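These notes concern the structure reproduced below.
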Amino acid sequence: MIDLYTWGTPNGFKVSIMLEELGLAYTVHPINILDEDQFAPDYIAINPNAKIPAIVDVENGLTISESGAILIYLAEKYESDLLPTSGPERYDVLQWLMLQMGGVGPIFGQVHHFYKFSKEDIPYAKQRFGDEMTRLYGVLDAKLAKTTYIAGNSYSIADIALYPWVARHEWHPLDLNEFCHVKRWYDTLSSRTGIKRGMDVPK
Ligand SMILES: N[C@@H](CCC(=O)N[C@@H](CS)C(=O)NCC(=O)O)C(=O)O
C-alpha cells in the first residue's frame with residue numbers, strides 16, 4: 001500500500017497516473033497547496049522541500065519526494081515495463097524523464113504563473129518563458145514525429161511525466177494543432193484508463 005500526498009497539479013498527476021497504470025492500491029492524502037498545507041510541520045517531515053507530490057511506501061516505511069524519483073521507484077519496485085531495466089532503452093526513458101523534470105516542468109510552470117496566476121502583467125517574463133515553452137514543444141514534436149512515444153516505441157514513465165503538463169495546453173500561448181505529433185501523442189494517451197483516472201486525483 002502506498003500513501004500518496006498530492007494535489008490537483010501536473011506534478012501530482014504524474015504519480016496518481018503511475019499508481020493507476022500499475023493498478024496499485026493507494027491512499028490519497030490531499031495537501032491543499034492553496035491553503036499552504038505543504039508548510040505544515042507534519043508534511044515537512046515527509047518532504048522537507050514543502051512541495052507535492054510525495055509518497056510513503058507503507059510496506060517498508062520509505063518516504064520519497066520529487067515526482068521523477070517516485071516514478072523510478074515505483075517502476076523498479078513493481079518491475080514494470082514502464083522503465084526498462086537495462087540497455088539503451090533505459091537511458092532513452094531516463095533522458096526524456098530528466099528533460100521533463102529539468103526543462104518542461106520548470107518552464108511550463110513559469111508560463112502558468114506569468115500567464116494565469118500573476119497579479120502583475122510582466123511582458124518580459126511572458127515572452128521569455130513563452131518562447132522557451134514554444135521551443136520545447138518543437139523539441140517534443142520533432143521527437144514524436146519519429147517515435148510513437150516520447151522515449152521510443154513503448155509507453156514509459158517519461159510519457160507519464162510529460163502528459164499532465166501538455167494537458168494544460170489551453171493555458172499555453174500556442175495552438176496545440178500546430179504541433180501535430182504532440183497532438184497525436186496527447187490524443188492517444190488521453191484515451192488510456194490509467195491517465196483518465198490519475199488525472200482525477202484528488203477527487
Ligand atoms: N520538482 C518537484 C516539483 C514539485 C512542485 O513544484 N510542486 C508544486 C505543485 S505542481 C508545489 O507543491 N507547489 C507548492 C509551493 O510551491 O509552495 C517534483 O517534480 O516533484
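Quick note: the coordinates plus some simple rules give every number you see, no bench work behind them. This structure is a prediction, so every number in the text was calculated from the model and none was measured. Please note: Cβ atoms are built from the backbone with ideal geometry, for glycine as well, and neighbour counts cover all protein chains shown.
If you build the convex hull over the alpha carbons only and average its shadow over all orientations, what do you get for region 87-192? Give it in nm² to one decimal.
Details: hull surface 25.8 nm².
Quarter of the Cα hull surface area: 6.4 nm².
Hey, what do the phi angles of region 122-130 turn into as Karplus ³J(HN,Hα) couplings, whole Hz, using 6.51/-1.76/1.60 and θ = phi - 60°, x for Gly and Pro?
10, x, 4, 5, 4, 5, 4, 7, x
What residue among LEU19, LEU62, LEU82 has the largest mean-square fluctuation in a Gaussian network model of the chain, using Cα springs under 10 Å?
LEU62
What's the extension gain from LYS146 to ALA69 if we count 0.36 nm per residue and subtract their Cα-Cα distance? Write down the numbers at each step before the final one.
Details: separation 77, 0.36 × 77 = 27.72 nm, distance 2.71 nm.
Contour length minus Cα-Cα distance gives 25.0 nm.
Please tell me the relative contact order of region 21-158 in percent, rounded to the nearest whole number, where contacts are Cα pairs under 8 Å and at least six residues apart.
On the way: 106 pairs, mean separation 26.8, N = 138.
It rounds to 19 percent for region 21-158.
Report the calculated FRET efficiency for THR85 and MET1 (r = Cβ-Cβ distance, R0 = 35 Å), to the nearest 0.05. Please list the in-between numbers first.
Values: r = 24 Å, r/R0 = 0.70.
Between THR85 and MET1 the formula returns 0.90.
With θ set to phi - 60°, apply the Karplus curve 6.51 cos²θ - 1.76 cosθ + 1.60 along region 26-37 and write out the HN-Hα couplings as whole Hz, x wherever there is a Gly or Pro.
Result, rounded to whole Hz: 8, 10, 8, 10, x, 10, 6, 6, 6, 8, 6, 4.
Once phi is turned into ³J(HN,Hα) by the Karplus curve 6.51 cos²θ - 1.76 cosθ + 1.60 with θ = phi - 60°, what whole-Hz value does each residue of region 86-95 show in order, with x for glycine and proline?
Values, residue by residue: 7, x, x, 5, 5, 6, 4, 5, 5, 5 Hz.
Out of all DSSP beta bridges with both ends in the chain, state the antiparallel percent to the nearest 5. Each step should come with its number before you reach the end.
On the way: 9 of 14 bridges.
If we restrict to bridges inside the chain, about 65 percent are antiparallel.
Evaluate E = 1/(1 + (r/R0)^6) for VAL58 and SER154, where r is the Cβ-Cβ distance and R0 equals 30 Å; express this FRET efficiency to the nearest 0.05.
After rounding to 0.05, the efficiency reads 0.50.
Can you bin the chain into rounded, prolate or oblate? Criterion: square roots of the alpha carbon gyration tensor eigenvalues sorted a ≥ b ≥ c, rounded for a/c under 1.5, prolate for a/b above b/c, oblate for the rest.
Values: a/c = 1.86, a/b = 1.13, b/c = 1.65.
Oblate, because a/c is 1.5 or more while a/b does not exceed b/c.
Give me the dipole magnitude in Debye, nearest 20, for the chain about the Cα centre, with unit charges on the beta carbon: positive for Lys and Arg, negative for Asp and Glu.
Working: 18 positive and 26 negative charges, 103 e Å.
The dipole of the chain has a size of about 500 debye.
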